[in-house]
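The values are calculated or read from the model by the stated rules, or taken from the named source; none is laboratory data. The model shown is predicted, which means the values in this text are computed figures rather than measured ones. Here the Cβ is made from the backbone with ideal geometry for all residues, glycine too, and neighbour counts use every protein chain on show.
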Amino acid sequence: MKRIGGFINFWIVDFFRFVRALTAYFFRAYLARWFGGFESVKDVAVVKMYQQRGKYATIFVHAGVVTVMALGVALGPTLIVDTNQSRAVISSALGSRIVFAEEQVDARVLGETVTASDIPTLTQISEKPRSDDVEYLVQDGDTLASIAIKFDVSQETIQWTNSGVTNWKVIKIGQKLIIPPVTGIVHIVKSGETIYSIAKRYSSEPQSIVDFPFNAFTNDETFALAVGQRIVVPDGVMPKLALPTAVNTLARTPDAGTVTATGTWIWPAAGKITQPFRSWHKGIDIANRDGGPILAADAGTVVIAGWPDNSGYGNRVAINHGNGFITLYAHMSRLDVVAGQRVKRGDQLGMMGSTGRSTGTHVHFEIRTTTGIIDPLTALR
């Protein structure tokens, strides 16, 4: 009896071992066939995608966008209603440059009324610079330094942009100044110039010109420029202008000795008036394509003869007439007088030219008084 019972137990155990082994075999065989089929499909898909790589990228991108939108719709109300949670999520994503404003009107999100205390207003402070120049009218108490601080640019930047201003120690209320968007140079592109030549001229880097967000290019790959377009050169430095070698500092016109101003004015040069007196152009321009001599409009003493600075006047002569009037003659190609020399009305001061901030041969003529600069056309005979 014991032998029969032991045999039965052994047969049962052996049977279950057989069933387990058979199951394991079929399971492994099924998985092997399944994975084999999967690998075959995967190989075909990979080869197909490789052959037409990039063709299906749009599908995946769109699928990703739809997924993000779905998550936003699903989780948005939770983030809005839970103020602390939304602040934590957004603050961790955007950093510390976030201002939360609590005072808002009631808002309704997906059928739920949410009060102002529940929804924070998010304001991200922009660090983007201005795109254009600003026309600023000098106000009472303004100085070059205070204006530079107000617009966060260097004092030199304002001076370079407003080269027509000759005395920065005394700027007048209501005077118009052009303020560039950043410290540096605002340059108008000329024929043949590139970002590399412009950067070299102003001691800057080509990359800084490319990186300025409002600089545009005719070709974004080669950074080609169009003639006449405006380019901002961040942190550029205006090069120093050398005095023309053609200027002769020896006086050609003899000293006139003791002179007295007559109080009447003669025309300083022959030619055509190409630019009249204006609020931003404190004189008249007399142009003559062939040049010609420049004459003293009245008797006096020469106080400036040359190009003593880098201003746009170029080579100039200034005469103090001793009666509260000073005349200025700018853009000369040659000087025939020296500082300290006395001249009579009609004496030759030099020759018409195009030095300084000039686009053609002419003379810029000003009449200055103790109360300001007057229109020369009201005084010339």
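Within the bounds of region 214-235, is there any residue that is closer than 30 Å to ARG316 by Cβ, touching a helix residue (DSSP H, G or I) at 6+ places or on another chain (Cβ under 7 Å) and not in a loop (DSSP other than H, G, I, E, B)?
Yes, there is a match, as at least one residue in region 214-235 is closer than 30 Å to ARG316 by Cβ, touching a helix residue (DSSP H, G or I) at 6+ places or on another chain (Cβ under 7 Å) and not in a loop (DSSP other than H, G, I, E, B).
Which condition from (1) assigned to a loop (DSSP other than H, G, I, E, B); (2) in contact (Cβ under 8 Å) with a residue 24 or more places away in the chain is the one that ASN167 breaks?
All conditions pass for ASN167, except number (2).
Identify all residues within region 334-381 that are in contact (Cβ under 8 Å) with a residue 60 or more places away in the chain, among the polar types (S, T, N, Q) and either surrounded by fewer than 20 Cβ atoms within 10 Å (Cβ to Cβ) or in the same structural domain as SER163 (by TED's automatic domain parsing) (or both); write none if there are none.
GLN348, THR361
Yes/no matrix, rows are residues, columns are (1) at pLDDT below 95; (2) over 30 Å from ILE173 (Cβ atoms); (3) in contact with a Ser or Thr (Cβ under 8 Å, 6 or more places away or on another chain):
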position: ALA318; (1), (2), (3): no, no, yes
position: ASN323; (1), (2), (3): yes, no, no
position: THR327; (1), (2), (3): no, no, no
position: ALA339; (1), (2), (3): yes, yes, no
position: ARG345; (1), (2), (3): yes, yes, yes
position: SER358; (1), (2), (3): yes, no, no
position: THR361; (1), (2), (3): yes, yes, yes
position: GLY372; (1), (2), (3): yes, no, no
position: LEU380; (1), (2), (3): yes, no, no
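Out of all the residues in region 259-270, is one or more within 18 Å of GLY356 (Cβ to Cβ), assigned to a loop (DSSP other than H, G, I, E, B) and modelled with pLDDT under 90?
The answer is no; no qualifying residue exists.
Say whether the condition of being touching a Leu at 6+ places or on another chain (Cβ under 8 Å), among the aliphatic types (A, V, I, L, M) and closer than 21 Å to SER131 by Cα is met by at least one residue in region 186-193.
Yes: region 186-193 contains one or more residues that are touching a Leu at 6+ places or on another chain (Cβ under 8 Å), among the aliphatic types (A, V, I, L, M) and closer than 21 Å to SER131 by Cα.
Being part of a loop (DSSP other than H, G, I, E, B) and on the phi > 0 side of the Ramachandran plot is the filter; apply it to region 170-201 and report the residue that is surrounded by the most Cβ atoms within 10 Å (Cβ to Cβ).
Step one: of region 170-201, the residues part of a loop (DSSP other than H, G, I, E, B) are 170-175, 180-183, 189-194.
From the residues that got through so far, the ones that are on the phi > 0 side of the Ramachandran plot too are 174, 192.
Values: GLY174: 10, GLY192: 8.
If we take residues in region 170-201 being part of a loop (DSSP other than H, G, I, E, B) and on the phi > 0 side of the Ramachandran plot, then GLY174 is surrounded by the most Cβ atoms within 10 Å (Cβ to Cβ).
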